[in-house]
Structure formats: C-alpha cells, structure tokens
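The values are calculated or read from the model by the stated rules, or taken from the named source; none is laboratory data. None of these values were measured; they are calculated from a predicted model. We place every Cβ from the backbone using ideal geometry, glycine too, and count neighbours over all the protein chains shown. In case anyone asks, the SASA skips ligands and DNA or RNA and just uses the protein heavy atoms, side chains included. Shrake-Rupley method; radii C 1.70, N 1.55, O 1.52, S 1.80 Å.
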Amino acid sequence: MLSKYTTLLFILCLFLHKAHAQVGINTDNSPAHSSAMLDIKSTDKGVLVPRLTQAQRNAIALPATGLMIFQTDNSAGFYYYNGTAWERVGSTPTGSIITSEIENDANLTNAGYTLIGRTSQSFQNYNTSDVWTITSISNAPSARHLHIGIWTGTEMIIWGGQASSGLLLNNGSRYNPVTDSWTVITTTNSPSEREYSSTVWTGSEMIIWGGRNGTYLNDGKKYNPSTDSWTAITTTNAPTGRQYHTTIWTGTEIITWGGYNGTYLNDGKKYNPSTDSWTAITTTNAPTGRQYHTTIWTGTEMIIWGGYNGTYLNDGKKYNPSTDSWTAITTTNAPTGRYSHTTVWTGTEMIIWGGFNLTGLNDGGRYNPNTDSWTSTTTTNAPTARYAHTTVWTGTEMIIWGGQITSYYNTFSTGG
C-alpha cells in the first residue's frame, strides 16, 4: 500500500513541476530559452492562432489585455486587445508618416490610411488642433485615382476615376466629417464611367461633364445629394467631347473651355442648369487651343492662363460672359510658360505658381486684372520646384502642398 501512495505522490509532484516549468516544443529535444515560458522551434511549420471574423472577435466577452487573434475579414490581419480596444498589429500612432516599398500597398489602404498623391481608399481629417484623425472606411469608395471631389458645405463627394487595375469607375460616396460616415451614391441614372472629367458645385447640385472612357465624352449629369438622384444634362449644342479642359461656376452658369480630343481645343460653352441649355462662347480673340491650363473666376470674368499645346504657354485671356468677349492678358513680366501649375484668386489678384517646363518650377507671378500687370512672386524660402501639386487660398495666404518634380514616382510630402 505504501508503495502505491509513494508512486502516486511522485506522479503528482512531477505533474506540478511540469505545470510550472518552461515548455519547449521542437524536434531536437532542446530546452526552452531561459527567457521564454513557451519556446516553439521549427524550420518547416508555423503557429496558428484562433481565426475569427470581426463580428466573432467583437463578441469575445471581457478579453484579456494582450489577447491575440487573426481577423479573417474586412481589414484582415493580426489583432491584439490593448486593454480598451482591439488594435491591428502594425498600426501606427495618429500623426505618424507611413512609408512602404510597395506602390498602392493594400495593407495600408485597407487599414484606413491615405496614399499621398496617388490612389486612395480612405481619407484623413486635419483640424486646427494639429491632429490627423483616421476616418471611417465603412461604405467608403473603393481605391481610385483621377477621380473628382467637391465640397458641398457639409459633405465631401467623391466620384468616378480609375481603379489601380485600370478599370474606370462610375460610382462614389459622400463623406460627412461631423458623423465620420460615408453614404453610397446611387448609380441609378449615373454618368458612364470616366476619368479626367470636370466638376463644379452649384450650391445645391454637383455637375459632372466631359472626360474620357476610351472615347472623348461630351455628356454629363447633375447630382442632387438631398434626393440622391442624377439628372441628365442635355447634349444639344454641348461642346465636343474632351479631356484636360477646365470648368468654373459663375453663380448661375458653368463655363467649360479648352482641353484635348486629338487636337488642342480653343472653344467652349456656357451651361445653364436652370434651363438645361448650352450657349456657345465666341472664339473671336480667344486663347490658342491648349490643355493643362488653369482657370479662375473673378466674380465677373473667367481668366485662362498657361497650359500646353506642343509649346509651354505663358499667355492667357480674360472672358466676360456678359459681353461674350475675350481680352488679352499682358505677357510683360509674366511667368515663363508652363503646365500643371496651380492658380488661386485672392479677391484682387490671380496667383500662378509652380508647374512644368522640361522640369518642375518653383516660381510664379501675381496678375492684377484691373491694371493688367504682373508682379513676380519671391523664390526666397519658396517650396522646392514641383508640378501637379495642390494649392488653396485661405483668405490671407496661399498654401502649396505635394506634387512631383521630374517623374511620376518622385513625389513630395512637403509644402509652403
């Protein structure tokens, strides 16, 4: 009897010792590393952690801090519970700059980050607290570039463009920054898929016109976000199909001008959404045909400047829709010819900056339409030379950001 109890006690002690010892799992019988409770070695196999959907993950009651799972849907990947929320392994703190050796890295875009200056599935808000906030990607448009985007006063509307696969798109969504939510735009009666189209916001509707989808398009539609509905724009007397044109909103009409459809165009038309009608713009004294030019509205006139038609252009003209007439802009002291530059209207002057003329440029000029005169912008502390950048006017300052200098992949994440 004593022998049996002795054997049982020995087994129990051995079990208790093993229960508190380090564990090594391997095929070479090596002990676990001194720093590890569990040490797994293999040269041809891996470790599988529990694989859950996002819904199953969120259903875990009272998850322990450090608990890890592999999520199989939505933004798939390894997730751990940080004590308050599930966090994707590899995520970065708010405000960080993320780099990737992979162009259009799906892991980053699917996690809610924006690929600066290229295709984007998601967007980020920046506020005056100097903080970036990742926005929701639920119902967000699929990744794309060459799309259009406008601000309605309460929402941002994204539509059309080209997917990374090259597929052209005719869908989009509206983003509300107050609720951090996306609303899918109906595709019922929407325009055909396209890229290089133009858009304006009238105060109640988004108007899309022109572009290309294998052919040069001369149609468009009006989108009303209040009713989530599309209305066709008449093609009667519409301009010929084109891309790389410009379109501005005067307060009552859109004016479309220039562009390219196998030839450089110097014509355009005015569209009145109230009457759904097009009116021709005179070509008498109009600028020469061009693409990649810029256009601004002064409140009474449309000013066309720069662009390309086989030559880098440094001229432009003012168009008065009330008199249907063009007036030349002086080239004295004007910036050198260029395209893919940016233009802003300050309320009294048009400011031209940057662009391309065999290489990126970092100079510009201010044009005063009242005196028909140019004043150079200083290059002291100016941003690095670039083109295809973006520019906004704050009411007191012009802000430049992004762009490229010589190649499609040599892009900037700076401004001034």
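Things worth noting here:
- Couplings for region 198-204, taken from phi via the Karplus curve 6.51 cos²θ - 1.76 cosθ + 1.60 with θ = phi - 60°, read 10, 8, 9, 10, 8, x, 9 Hz in order; Gly and Pro are left as x.
- Of the residues 386, 51, the one with the largest accessible area comes first in the ranking 51, 386, computed with a 1.4 Å probe on protein heavy atoms.
- Per-residue ³J(HN,Hα) for region 52-57, Karplus 6.51 cos²θ - 1.76 cosθ + 1.60, θ = phi - 60°, Hz, x for Gly and Pro: 10, 6, 4, 5, 5, 4
- Ranked by the mean number of other Cβ atoms within 10 Å of their residues, highest first, the peptides 254-263, 174-183 come out as 254-263, 174-183.
- Interchain or long-range residues, amide H under 5 Å from residue 296's placed H: 303
- Accessible-area rank, largest first, for 67, 168: 67, 168, with all protein chains present and a 1.4 angstrom probe.
- Electrostatic tally near residue 191: other residues with Cβ closer than 14 Å to its Cβ, Lys and Arg +1, Asp and Glu -1, net 0.
- A 1.4 Å probe, protein heavy atoms only, puts the accessible area of residue 47 near 100 Å².
- Proximal charge balance of residue 262 [Cβ under 13 Å; K/R count +1, D/E count -1]: +2
- Region 375-405 and region 305-331 have Cα centres separated by 22 Å.
- Estimated vicinal HN-Hα couplings, Hz - region 240-248 in sequence order (Karplus 6.51, -1.76, 1.60; Gly, Pro = x): 5, x, 6, 9, 6, 8, 10, 9, 10
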